[in-house]
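*Asks:* This structure is in structure tokens; I'll ask about it shortly.
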Amino acid sequence: MSRPKIALVGYRLNKGGAERVMANLSNFFHANNVEVHNIIVLDDIKYPHSGEVFNLGKLKNKYNGIFNKIKRLVALKKYLNKHDFDFIIDFRFRIKPIQELLVSRWVYNTKTIFTVHSSKIDSYMPNFSPLTRLMYGNAFQNVAITKTMQQLIQNKHHLDNVSTIYNSIDIDDIVIKSQDAIELDFKYIIGVGQYDTNVKQFDKLIEAYAKSKLPNQGIALVILGEGKLKENLKSIAKSFNIESLVHFLGFKNNPFKYIKNAKFFVLSSELEGLPMVLLESLACKTPVVSFNCPTGPEEVISPGENGLLIEHQNIKALTEGINTMMYDSKLYDTCKMNAFKTAQKFSIEAIGKQWLDLMKYKN
């Protein structure tokens, strides 16, 4: 009997949370005797992964016109027909309805699972419900990464084939990498993410930190990531006279060693799906303080047990939460003690089994 055969489709194998989930799952499936093929749209590979790679990015030209797009769609269809997959799992955001109608109804040729990774579900499904039902109503399954997100999809589009499987993390890998030494010799709290856009709202994190007790105690704020808003964020720090305490360390291949050595992690995002860095922080035994975004944090954080949930967009409350986590030693010790236990619920082994169960594979 031949091995099960799965195609994982994503934009790249680098940078994003959905892309990291895809890479982790490729490793899990490969380890569980599933033949894995990773199909990517952009030529961008950094995350460790397993299986074959079909890189549509290599077919992309600098003009990226309609004929080039058609060429890549045809190449994708030929690849799928050639390999006769049991399942296709799509991790991409899908914002072009006509293109995605072609993909869902013409290109994909077997049982397909479409994933939704953000509370902004219009980035994955058209706002027009009849079109969404046409594209995804007959899919094998539509998988949301939080229960709240599943409910949003069902309420808006009235789809019956929706379920929840949380994002997974490779705990063993995180633990190993978190043990590496760092060059920092000061106490700090940490935020992580891109700042090409302001979705992560590091401006609000800097303001909340500036108004907290931490600067007067010499406890710094470290921000990992990169983006075009860096100079603006530096200006905000300067306006609060804390520029010497806010450290922009850029993108790090191993963020876990910095998270592990932070007093705690702060998530100040406007919106999230299920933030990977929240799970990764808990795997590093680092407590978290988080805005209660529309989806994600409330399904991970038990207030007072493994972190603090802050009223969404309330900067004053975020400042109070930062102070509480830093100076309430009993609360801090409790949250630190429970962090790793929470992370284990999202291990690649636990979540990978749910994927195998969904596809009715035995591992």
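*Asks:* Let me know the shape class of the chain, please: from the alpha-carbon gyration tensor, a ≥ b ≥ c as square roots of the eigenvalues, rounded when a/c is under 1.5, otherwise prolate if a/b is greater than b/c, or oblate.
*Replies:* Values: a/c = 1.87, a/b = 1.74, b/c = 1.08.
Cα axes put the chain in the prolate bin.
*Asks:* Where in segment 322-360 does the amide nitrogen come within less than 14 Å of the point 7 Å from the Cα of K213, taken along Cα to Cβ?
*Replies:* Zone members listed by number: 322-332.
*Asks:* While we're looking at this one, here's another question. Please compute the modelled spin-label separation between K82 and Q151, points set 7 Å along Cα→Cβ, answer in nm with one decimal.
*Replies:* Between Q151 and K82, the simple spin-label model gives 4.6 nm.
*Asks:* Over segment 196-309, give the accessible area per residue in Å² for a 1.4 Å probe, as an integer.
*Replies:* Numbers: 4270 Å² over 114 residues.
Dividing the accessible area of segment 196-309 by its residue count gives 37 Å².
*Asks:* Here is a further query. Among the lysines, which have Cα under 18 Å from the Cα of K187 when same-chain residues fewer than 8 positions away are ignored?
*Replies:* Reachable lysines: K211, K213, K257, K260, K263, K285, K336.
*Asks:* Could you please state how large a percent of the accessible area of the chain is carbon and sulfur, counting protein chains only and using a 1.4 Å probe?
*Replies:* So the carbon and sulfur contribution to the accessible surface is 51 percent.
*Asks:* In addition: Does segment 149-294 come out rounded, prolate or oblate, given a ≥ b ≥ c as the square roots of the eigenvalues of its C-alpha gyration tensor, rounded meaning a/c under 1.5 and, failing that, prolate meaning a/b above b/c?
*Replies:* oblate
*Asks:* With a ≥ b ≥ c the root eigenvalues of the C-alpha gyration tensor of segment 59-181, is it rounded (a/c under 1.5), prolate (a/b larger than b/c) or oblate?
*Replies:* Here segment 59-181 falls in the oblate category.
*Asks:* List every residue whose amide H lies under 5 Å from the amide H of R12, counting only residues 5 or more places away in sequence or on a different chain, with H placed 1.01 Å from N in the peptide plane.
*Replies:* Counting only residues 5 or more places away or on other chains, the set is V41, L42.
*Asks:* What FRET efficiency do you get for S244 and E305 if R0 is 51 Å and r is their Cβ-Cβ distance, rounded to the nearest 0.05?
*Replies:* Using R0 = 51 Å, I get an efficiency of 0.90.
*Asks:* So if R0 is 51 Å, what FRET efficiency would F186 and A31 give, r being the distance between their Cβ atoms, rounded to the nearest 0.05?
*Replies:* 0.80
*Asks:* Would you please state which residues of segment 53-86 a label at K96 would reach in this model, taking the label point 7 Å out along Cα→Cβ and a backbone N cut-off of under 16 Å?
*Replies:* In segment 53-86, the label zone of K96 (backbone N under 16 Å from the point 7 Å along Cα→Cβ) covers 56-77.
The values are calculated or read from the model by the stated rules, or taken from the named source; none is laboratory data. If you're wondering where the values come from, they're calculated on a predicted model, not measured in any experiment. Cβ atoms come from the backbone with ideal geometry, glycine included; neighbour counts cover every protein chain shown. We work out accessible area using only protein heavy atoms, side chains counted, and drop any ligands, DNA or RNA first. Shrake-Rupley method; radii C 1.70, N 1.55, O 1.52, S 1.80 Å.
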